[in-house]
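What follows draws every value from the coordinates through simple rules; no lab data is involved. Since the structure is predicted, the reported quantities are computational estimates derived from the model, not experimental observations. Please note: Cβ atoms are built from the backbone with ideal geometry, for glycine as well, and neighbour counts cover all protein chains shown.
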There are 4 protein chains.
Amino acid sequence: MKNAAIIGGTGYGAIELIRLLHSHKHIQLKKIISNSQHGEQISSIYPHLTSFIEEPMEKLEIKSLEKEVDIVFFATPAGISKKLIPQLEQSSLQCIDLSGDLRITSQDQYLEWYGAEAAPQETIDNAVYGLPEIYKEEIKNAKIISNPGCFPTSSLLGLIPAIQHKVIENSPIIIDGKTGISGAGRTPSAMTHFSEVNDNVKAYKVGKHQHIPEIDQYLSGIANESVTSTFTPHLIPMTRGLICTMYGQLKMTISTEEIIDLYKSFYQSEPFVRIRNKGEFPATKDMNGSNYCDIGLHVDERTNQLIIISAIDNLVKGAAGQAIQNVNLMNGWDEEHGLNNVPVYP
Amino acid sequence: MKNAAIIGGTGYGAIELIRLLHSHKHIQLKKIISNSQHGEQISSIYPHLTSFIEEPMEKLEIKSLEKEVDIVFFATPAGISKKLIPQLEQSSLQCIDLSGDLRITSQDQYLEWYGAEAAPQETIDNAVYGLPEIYKEEIKNAKIISNPGCFPTSSLLGLIPAIQHKVIENSPIIIDGKTGISGAGRTPSAMTHFSEVNDNVKAYKVGKHQHIPEIDQYLSGIANESVTSTFTPHLIPMTRGLICTMYGQLKMTISTEEIIDLYKSFYQSEPFVRIRNKGEFPATKDMNGSNYCDIGLHVDERTNQLIIISAIDNLVKGAAGQAIQNVNLMNGWDEEHGLNNVPVYP
Amino acid sequence: MKNAAIIGGTGYGAIELIRLLHSHKHIQLKKIISNSQHGEQISSIYPHLTSFIEEPMEKLEIKSLEKEVDIVFFATPAGISKKLIPQLEQSSLQCIDLSGDLRITSQDQYLEWYGAEAAPQETIDNAVYGLPEIYKEEIKNAKIISNPGCFPTSSLLGLIPAIQHKVIENSPIIIDGKTGISGAGRTPSAMTHFSEVNDNVKAYKVGKHQHIPEIDQYLSGIANESVTSTFTPHLIPMTRGLICTMYGQLKMTISTEEIIDLYKSFYQSEPFVRIRNKGEFPATKDMNGSNYCDIGLHVDERTNQLIIISAIDNLVKGAAGQAIQNVNLMNGWDEEHGLNNVPVYP
Amino acid sequence: MKNAAIIGGTGYGAIELIRLLHSHKHIQLKKIISNSQHGEQISSIYPHLTSFIEEPMEKLEIKSLEKEVDIVFFATPAGISKKLIPQLEQSSLQCIDLSGDLRITSQDQYLEWYGAEAAPQETIDNAVYGLPEIYKEEIKNAKIISNPGCFPTSSLLGLIPAIQHKVIENSPIIIDGKTGISGAGRTPSAMTHFSEVNDNVKAYKVGKHQHIPEIDQYLSGIANESVTSTFTPHLIPMTRGLICTMYGQLKMTISTEEIIDLYKSFYQSEPFVRIRNKGEFPATKDMNGSNYCDIGLHVDERTNQLIIISAIDNLVKGAAGQAIQNVNLMNGWDEEHGLNNVPVYP
């Protein structure tokens, strides 16, 4: 049994961690840390947690953290963990960073896309990218995890088999992303105001989303050469769920059946990736509340394009669930522990 | 470990039972029975179940059922269980009827409100109404459970403390119900067609809903005199969730604080009822995917009315979750077993 | 042809006025006034107005207003018009106040429910309550209109025939209100954050909503004695639309057919009230984008209650459409002018 | 003043025609024809039309049609107009076919994509494709209009300027389409069942949608060589609205500003196409209830892709509004007549 703390206790990422940790047998959630609302009970903000958590949220006391817990989840907005994790690197704590602070290996790129100074290069280098289906061995030995972004999780799981097996060209790669509004977090804004987004679809951050360098960095690593993808995210009038529809130029003649076989074989040991059969494509709700990533595939023979459709729950496989999957691996527990619930449908 | 079968395998009630039973340690789901789609895999209809259930659905073989399972859930539309349960009454099977077939004790009333012949009177009399917060002892000894309707669950839990303690008059009692569309089931119709119900609210079955006699029957039992309530259900553009706003004429001078204390004390041993503090009222999403019923209370001193707001997830506490809560009690298991998950929020 | 200005140009009320005035032949919209965003083009905030309005928004110059326009719409939050209208009372301007500032005739009541000082008593007394179906003659002669609130519009139109004809008791009167989120305006908040309100229903301001004294004031006027109603508003996950389900104790034996006839006769000259036939009840979408108020009626013989269901588009009949209906009457134009469009369905 | 009939009176296309024709000064809607529900009042199916249309729907009497009306709108499902229009070709009637029956010029292609026999080649050849921004002169002289599909309208208006000016390669062209559920019509099915599509996104008819050959046919005509596009439609949980995000490989060095200028100049005389400024992209709601097509453009310099985002209301510019725009042109009326309303927002 290990003890855990969540820093950034009032965002949706933290709330989802609380939900999932409640049924995790090896982790006890010891502390919910919120500098803005410490002293308050979390159920006063989130009444659905009534009867689950009685202790008030706490202020961060970084020096005593190591004595009290073993695992720290950073469910913080960009810019926080890059300051805190360097202070904890010498400790024995396992740090899981759900923010984007440690995902971009080049400090210059981070500055360019995030518009702020990067974390120390050493901290960045010590962090392992927590996409278990691809970097499982590294994760098992990691102490700091940089938990992937929601769009990168969906698109990398969808693209990597095709890139690695050189089924598609490295360029152009089109990623058309669609996400539920919870991906924008809990801070009210015009962009998340119900009357503005309900019954509405809109592209946003066209050509500028900070998940672009993250996707390209890992695709390039797999391809062993520079890959640049075109990524356009869209806001969808739903709370949870994220789907990427991806288009790649085929390098070879391959049938839909063959590409499905290739993906099934690529992910055959992975409990959270489900490859759909021919003619079947995932809907975001099929993963609702669960850690699955479902992938559908189609070879468009008319245009020689491979269409890859990859869907997740942005708050689970795209955030809190993947964080727990990483912790399970880091601690030698069953990778599926606490995560094998049936999706909530409808 | 007991074995269970679900009859009526492709409706939303069955799907929710499958989800909840997956994390139930004492029950193994042995059979999903669907006469219309036997032979098919349920994941071909519900892809979210991919990797969870491999066996095809089966045809009902009522004679051999007793040999294969211990518990039978009837997640069937009205009119089925009233024919099947009488054939199983002599068996050792525990039968949980999620339909309305056994809820109305008077055969004449059933005929009037359901427009069809009732079940045999003996079967009706043998069935226990599965509202555990009120009828716990009877449930523990029951073999046939008539699982309450979704609106009756919400409204009875909200009204019974006030009726029993004679805080409000028995008439008029106004119940204004609002339900998500999943309550209408999975059969497509104009009433559940997305473009017709999205961004729309509509009252339906005004004065004619078959939950009216169910509510009145149990309120009358508690009051020891005939209670007739006015109930108007509304369709709300959401998938899950049900909320009843109820209005009763106060018989005494009582403050909001005092009525809250009375309810907290009434439900103090009940794990699934959460009484809100003064000025706080439940939202349906606070229960999403969970078995809780949250109740908020307000004394309107200007008009001498008690306002009671009671919310549930219609598919969990209003159907499958309550069914499992009943099974837990019937078998001497922890009442909360398999049901103590955190609501899925947001 | 008259010229008009809108003060408070960036809220949803203003936007709806702009839409409706665009097809009004007798009014030219001369100025959109916004103190917070003057100088900006309104299409930079509301791109749907691109190609419709080129002139930038202006700062309020109250002294020159009379020279430039004939009609002023106050689409301002509470607290603004009560200061501005007294400065314009001596002018020839027609003032239509869409806010609640002039609706409560008692200054003490305004203070109690709005938590702020009321407008000068003289200004309040000069304002006519702009519910045309009830106060048409007064409106024709008015210079200052206090445009009704959205809930009061729906509930007064639903209740007044029954109260006036003494069909129901004056107490208890239950009004269960349900509104789309646009009623909460355009300022982002937790209460209007998509992920919080989507797929969710919640009661709010229970026993405290500022529309309560407005409803009671006009019901009391009709009844010629004090009427206090119990009103509970609910937030519904839809953008537009508002529906009140109302319950009153019958004072006489009357059939559903007879009450429908009474309502049809009461509103027979009113172009914007449509009484539904027996067994039919309005859905909010039936009025979408239009100025209609549809009313359905049911006598619940079991409980001796009259159920009245009254639905409007909260931004049209509940705000901007009714404002224009009032202006039409004040100027001797056809009451329906600019408002007889077919609802946008689905 | 001309008289019109709508055939296929109970679908959403017909309903939208009724709404728009109500404010059209030159057309009187004389007949609503529905073979399945003739004799019924349309307001019994669509209560929002109460007080607008009193006459019952009629049965089709094709022989007498010419005597009674001048214009016939076919708002029928695929397979009807191909049989009816050949019978009317010798008459003086103007026929506007909102179905796909006459859109594909090759009978073989129609058979392949629609799975049924095509219309007579002569009828196909006589029909003019009703995309007024591109084929205005042909439309002015047409007697039979094949009204474009919703996805082709959005994608052709977005792609044609770039294809015609040879800004992008003819291959690959990626069209990622997202549509509201009303595009699937009014017949209930699992695909349009609220609980299945709410809070959900799903791709459908991947590689098989019948709008693919329509898009390619007209792109090829513009390019003067064969163009094959990759098109993937998605169902979005909203009622109205359609948006295509399109990706094309740049053939030249061009900036976002320059491509915007090119589009503005291409569409400078077109009242219904609005090109957004740099960094601004349309949301579907910006066109709600109106005939506009808004287009946003971005040059992704990293990947040398042109991103084109084109949005419409699928029931207006994607169906009924465009039909009326065509009729206006055919009759020499102002192209904008009856269509210049402000979008309904929010």
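I want to verify a result. In a Gaussian network model of chain D, Cα cutoff 10 Å, which of these has the top mean-square fluctuation: D:Met57, D:Met246, D:Met238?
Of the options given, D:Met238 has the highest mean-square fluctuation.
Could you work out how far apart the two model spin labels at A:Gln121 and C:Asp261 are, taking each label as a point 7 Å from the Cα in the direction of the beta carbon, and quote it in nm?
9.2
For D:Gln41, what is the net charge nearby, where nearby means another residue's Cβ is under 10 Å from its Cβ and Lys, Arg count +1, Asp, Glu -1?
The answer is -3.
Sort B:109-118, B:68-77 by packing, meaning the average of other beta carbons within 10 Å per residue, with the highest value first.
Listed from highest to lowest mean packing, they are B:68-77, B:109-118.
Mind checking which aspartates and glutamates have their Cα closer than 17 Å to the Cα of C:Lys63? Skip sequence neighbours fewer than 8 apart in that chain.
C:Glu89
Counting partner chain Cβ atoms within 10 Å of every residue's Cβ in A:302-312, what's the average? It would help to have the intermediate numbers written out before the result.
Numbers: counts 8, 12, 4, 9, 1, 8, 0, 6, 0, 4, 0.
Mean partner-chain Cβ count within 10 Å for A:302-312: 5.
For a label point 7 Å from the Cα of B:Asn277 along Cα→C-beta, name the residues of the stretch C:196-237 whose backbone N is under 18 Å from it.
Under cut-off, by backbone N: C:205-206.
Amide H to amide H under 5 Å from C:Thr76: which residues, 5+ apart in sequence or cross-chain, H placed 1.01 Å off N in plane?
Amide H to amide H, under 5 Å and 5 or more residues apart or across chains, C:Thr76 pairs with C:Leu98, C:Ser99.
Report the number of Lys pairs in the stretch D:151-314 whose alpha-carbons are under 23 Å apart, with separation of 8 or more residues or on distinct chains.
Lysine pairs satisfying the spacing and distance rule in the stretch D:151-314 number 13.
Which Cβ of chain A lies nearest the axis of the rotation superposing A onto C, and at what whole-Å distance?
Spelled out, residue of A and its Cβ distance from the axis onto C: A:Pro188, 2.
Taking amide H positions as placed in the peptide plane 1.01 Å from N, state which residues far from C:Leu93 in sequence (5 or more) or on other chains have amide H under 5 Å from it.
Close amide H contacts, sequence-distant or interchain: none at all.
Got a sec? Which residues in the stretch D:321-346 would a label at D:Glu137 touch, if it sits 7 Å along Cα→Cβ and we count backbone N under 19 Å?
D:326, D:329-333, D:335, by backbone N distance to the label point.
In straight Cα distance, which aspartates and glutamates are under 15 Å from D:Lys317, not counting same-chain residues fewer than 8 positions off?
Answer for D:Lys317, where 15 Å is the Cα cut-off: D:Glu16, D:Asp97, D:Glu133, D:Glu270, D:Asp286, D:Asp294, D:Glu335, D:Glu336, listed by chain and number.
Compute the relative contact order of the stretch D:14-103 as a whole-number percentage, counting only Cα pairs closer than 8 Å that sit 6 or more residues apart in sequence.
Worked out over the stretch D:14-103, it gives 23 percent.
Please compute, for the alpha-carbon atoms of the protein assembly as shown, the extent along each of the three principal axes and give them in descending order in Å.
The principal-axis extents, from largest down, are 80, 78, 66 Å.
Would you kindly derive the ³J(HN,Hα) couplings of the stretch B:233-247 from the backbone phi angles with the Karplus curve 6.51 cos²θ - 1.76 cosθ + 1.60 (θ = phi - 60°), listing them in order in whole Hz, with x for Gly and Pro?
x, 10, 8, 10, x, 8, 7, 10, x, 8, 9, 10, 9, 10, 10
Diagonalise the Cα gyration tensor of the stretch B:1-115 and give the resulting equivalent ellipsoid semi-axes, square root of 5 times each eigenvalue, largest first, whole Å.
25, 16, 13
Can you sort A:Ser290, A:Ser171, A:Ser36 from fewest to most other Cβ atoms within 10 Å of each residue's own Cβ?
A:Ser36, A:Ser171, A:Ser290
Report the far tail of the P(r) of chain A, meaning the percent of Cα-Cα pairs longer than 24 Å.
55
Provide the net charge surrounding C:Leu339, with neighbours chosen by a C-beta distance below 13 Å and charges set as Lys +1, Arg +1, Asp -1, Glu -1.
-3
Express in nm, to one decimal, how much length is gained between A:Glu112 and A:Ser269 on full extension, taking 0.36 nm for each residue of separation and deducting their alpha carbon distance.
52.8 nm
Among bridges DSSP assigns within chain B, what percent are antiparallel (round to 5)?
In chain B, DSSP labels about 45 percent of beta bridges as antiparallel.
Can you list, shortest first and in nm, the gaps between the label point of A:Leu111 and those of its counterparts in the other copies, using a point 7 Å from Cα in the C-beta direction?
Its label point is 6.1, 6.6, 8.6 nm from the equivalent points in the other copies.
Of all DSSP beta bridges in the stretch D:151-314, what percent run antiparallel (nearest 5)? Don't skip to the answer; put the middle values down first.
Numbers: 26 of 36 bridges.
Counting only bridges with both partners in the stretch D:151-314, antiparallel ones make up about 70 percent.
Run the label-point distances for B:Asn277 please: 7 Å along Cα to Cβ, every other copy, nanometres, shortest first.
Computed spacing set for this position: 4.9, 5.4, 5.4 nm.
Give a quick list of chymotrypsin sites (Phe, Trp or Tyr not before Pro) in the stretch B:154-248 that DSSP marks as loop, anything other than H, G, I, E or B, with at most 16 other Cβ atoms within 10 Å.
Those that pass, being in a loop and sparsely packed, are B:Tyr204.
For the stretch B:96-235, rounded, prolate or oblate, judged on the Cα gyration tensor with a ≥ b ≥ c (square roots of eigenvalues), a/c < 1.5 rounded, else prolate if a/b > b/c?
Note, shape of the stretch B:96-235 comes out oblate.
How would the stretch B:264-306 be classified by its alpha-carbon gyration tensor: rounded, prolate or oblate, with rounded meaning a/c under 1.5 and the a/b versus b/c comparison settling the rest?
oblate
Give me the mean projected area, in nm² to one decimal, of the convex hull enclosing the Cα positions of the stretch D:258-346.
Convex hull of Cα atoms, orientation-averaged projection: 6.4 nm².
Mind listing the long-range amide H neighbours of A:Cys293? Cut-off is under 5 Å, sequence gap 5 or more, other chains count too, H placed in the peptide plane at 1.01 Å from N.
Those qualifying (amide H under 5 Å, at least 5 residues apart or on another chain) are A:Val273, A:Arg274.
List the relative contact order of the stretch C:151-314 as a percent without decimals, with contacts defined as Cα pairs under 8 Å and 6+ residues apart.
Averaging sequence separation for qualifying contacts and normalising by length gives 30 percent for the stretch C:151-314.
Per residue of C:292-299, how many C-beta atoms from partner chains lie within 10 Å of its own C-beta, taken as a mean?
2
Determine ³J(HN,Hα), in whole Hz, for all residues of the stretch B:43-58 in sequence, where each value follows from phi through the Karplus function 6.51 cos²θ - 1.76 cosθ + 1.60 and θ = phi - 60°; x replaces Gly and Pro.
6, 6, 8, 10, x, 5, 8, 3, 6, 9, 10, 9, 5, x, 5, 10
Assume the label is 7 Å from Cα along Cα to beta carbon: what separations in nm does D:Glu55 have to the matching positions in the other copies?
4.3, 6.3, 7.6
Out of all DSSP beta bridges in the protein assembly as shown, what portion is antiparallel? Express it as a percent rounded to 5.
50
Per residue of B:49-57, count partner chain C-beta atoms within 10 Å of its C-beta, then hand back the mean as an integer.
Taking the mean over all residues of the peptide, I get 3.
Calculate how large, on average over all directions, the projected area of the Cα convex hull of the stretch A:151-313 is; give the answer in nm² to one decimal.
9.7
I want to check the label-to-label distance for B:His165 and D:Ile62. Put each point 7 Å from Cα in the C-beta direction and report it in nm to one decimal.
Result for the modelled spin labels: 7.4 nm.
Do the sum for chain C: with -39,500 (n - 2.57) for every DSSP H run of n ≥ 4, divided by all residues, what is the mean residue ellipticity at 222 nm, to the nearest 500 deg cm²/dmol?
-8000 deg cm²/dmol
Please order D:Ser99, C:Ser310, B:Ser43 by the number of other Cβ within 10 Å, starting at the fewest. Working shown, then result.
On the way: D:Ser99 22, C:Ser310 26, B:Ser43 16.
So the ranking, lowest neighbour count to highest, is B:Ser43, D:Ser99, C:Ser310.
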